[in-house]
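Scroll down for the structure; my scribbles are underneath it.
Read-outs: derived from the displayed coordinates by stated rules, not from any lab. Treat the numbers as computed from the prediction; the structure is a model and nothing was measured. No Cβ is skipped: glycine too gets one built from the backbone with ideal geometry, and neighbour counts run over all protein chains shown.
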Amino acid sequence: MSPTLQNAETIYKELRKLRALISKLPASQLFTETDTLLSVAETSLNRNLAVMRFREHPSHR
């Protein structure tokens, strides 16, 4: 696994942990907006990770 993919995997895992922590906080407009932004970031990063994993797979080189 390349360093770039490893870093992206780590960021994705930390982003998911952050969203889990935010979901435990009392609901407010700020937290709702923050969770929405993190959700969009998580979805985008997950898609990028899928592409990176596909490209790094030995059968696609």
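Results, tabulated for the structure shown:
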| read-out | value |
| --- | --- |
| Only Lys, Arg (+1) and Asp, Glu (-1) charged, at Cβ; the chain dipole about Cα centre in debye | 220 debye |
| Phi to ³J(HN,Hα) by Karplus 6.51 cos²θ - 1.76 cosθ + 1.60 over segment 34-48, Hz, x for Gly, Pro | 4, 4, 5, 5, 5, 5, 5, 4, 4, 4, 5, 5, 4, 5, 5 |
| Cα→Cβ-extended label distance, 7 Å offset, between Asn48 and Ala27, nm | 3.1 nm |
| Sequence-separation-based contact order of the chain, relative, with Cα cut under 8 Å and 6+ spacing, percent | 46 percent |
| Per-residue [θ]222 nm for the chain (sum of -39500 (n - 2.57) over DSSP H runs n ≥ 4, rounded to 500) | -28500 deg cm²/dmol |
